[in-house]
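K.L.:
The following block contains the structure, expressed as structure tokens.
The values are calculated or read from the model by the stated rules, or taken from the named source; none is laboratory data. Just so it is clear, the model here is predicted, and its values are computed rather than measured. Every residue, glycine as well, gets a Cβ built from its backbone with ideal geometry; the counts of neighbours run over all protein chains shown. All accessible areas refer to the heavy atoms of the entire protein, side chains included, with ligands and DNA or RNA removed. Shrake-Rupley method; radii C 1.70, N 1.55, O 1.52, S 1.80 Å.
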Amino acid sequence: MERLQKVIARSGIASRRKAEQLILDGKVTVNGQVVTELGTKVSDEDKVEVNGIPVEREEPIYILFYKPRGVISSVKDEKGRKVVTDYFRDFEQRIFPVGRLDYDTSGLLILTNDGDFANLLMHPRYEIDKVYVAKVKGIPGRKELKQLEQGIMLEDGMTKPAKVKMLSLDKRKKTCIIEITIHEGRNRQIRRMFDKIGYPVLKLKRERYAFLDLKGLNPGAFREITPHEVKRLRALAQHGKHARV
């Protein structure tokens, strides 16, 4: 027996929190009866529907994907552009991206059908390292890099402290490569941070997410995240970066 909201979240329909709201709003039925009790438990034999649509109890799947540039981090796009799920059309499971990478940004993206897991990783309370490498126009000095480390005031508020490391610079072309580690996931955050200090990003890639990296993968390729890695990610989100798993 499992809690009803967990069954809904695992199906990929919604996060656990959203599933709870659907239950409270009377949108969920079990064996044809509306259920509004959050503590309700169901078995594999029970028929669960959300807004009249049967909940398919898929096996959870967790994917590490190397997103290329020029691909939308979504399951569909109104403008007909390529989306990340186009790479997984042969999958029976209905997977979706955890968070997003911008259209022009490449790198590590997690996809899953486990809404509960996705909600856990995306919750702003949990400080999971996201490591990016940016090619920047111009060569910022120590003062500007310090601003990034301490936090930048953007339109949607102050960014949290970041780790910043200059990897290389090209004085002739007046460009440099900078590694920056953040915990947040605001829209186009890295680009906006560099714009704010006057050094626009020319190219951006997410190299790592927590302990996961892109080793062995080319753009457009993917692998399944192992059960042990999923367990470690859950522990990091729930207990902080010092969790031992």
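K.L.:
Could you please find all residues in segment 96-125 being modelled with pLDDT of 90 or more and more than 19 Å from Glu184 (Cα to Cα)?
P.N.:
Phe96, Thr112
K.L.:
Considering segment 115-139 alone, what residues qualify as being farther than 24 Å from Pro60 by Cα and buried (at least 21 other Cβ atoms within 10 Å of the Cβ)?
P.N.:
Tyr132, Ala134, Val136
K.L.:
Still on this structure, please answer the following. Which residues, taken from segment 169-187, are open to solvent by 40 Å² or more (accessible area, probe 1.4 Å) and either assigned to a strand (DSSP E or B) or under 10 Å from Gly138 (Cα atoms) (or both)?
P.N.:
Leu169, Asp170, Lys171, Lys173, Lys174, Ile177, Glu179
K.L.:
So His228 ticks every box in (1) under 17 Å from Arg100 (Cβ atoms); (2) part of a helix (DSSP H, G or I) but one. Which box is left unticked?
P.N.:
(1)
K.L.:
A further question on this structure: Quick check on my filter: what residues within segment 206-223 are buried (at least 17 other Cβ atoms within 10 Å of the Cβ) and in contact with a Lys or Arg (Cβ under 7 Å, 6 or more places away or on another chain)?
P.N.:
Correct list: Arg206, Tyr209.
K.L.:
When you scan segment 86-96, do you find a residue that is open to solvent by 10 Å² or more (accessible area, probe 1.4 Å) and under 13 Å from the mean Cα position of the chain (by Cα), even just one?
P.N.:
Looking through segment 86-96, at least one residue is open to solvent by 10 Å² or more (accessible area, probe 1.4 Å) and under 13 Å from the mean Cα position of the chain (by Cα).
K.L.:
Specify the residue that is least open to solvent (accessible area, probe 1.4 Å); the eligible residues are those in segment 188-205 that are outside any loop (DSSP other than H, G, I, E, B) and of a type in the set (D, E, K, R).
P.N.:
Only one residue tops the list, namely Arg191.
K.L.:
So which residues in segment 102-115 are in contact (Cβ under 8 Å) with a residue 40 or more places away in the chain and either in a loop (DSSP other than H, G, I, E, B) or farther than 19 Å from Glu92 by Cα (or both)?
P.N.:
Taking segment 102-115 and keeping what is in contact (Cβ under 8 Å) with a residue 40 or more places away in the chain, we get 102, 104-115.
Within segment 102-115, Asp102, Asp104, Thr105, Ser106, Gly107, Leu108, Leu109, Asn113, Asp114 meet the criteria.
K.L.:
Moving to a separate point now. Quick check on my filter: what residues within segment 7-26 are surrounded by 16 or more Cβ atoms within 10 Å (Cβ to Cβ) and in contact (Cβ under 8 Å) with a residue 24 or more places away in the chain?
P.N.:
Passing the criteria: Val7, Ile8, Ala9, Arg10, Ser11, Gly12, Ile13, Ala14, Ser15, Arg16, Ala19, Leu22.
K.L.:
Thr112 is checked against (1) closer than 19 Å to Arg234 by Cβ; (2) hydroxyl-bearing (Ser, Thr, Tyr); (3) open to solvent by 10 Å² or more (accessible area, probe 1.4 Å) and fails just one. What number does that condition carry?
P.N.:
Condition (3) is where Thr112 drops out.
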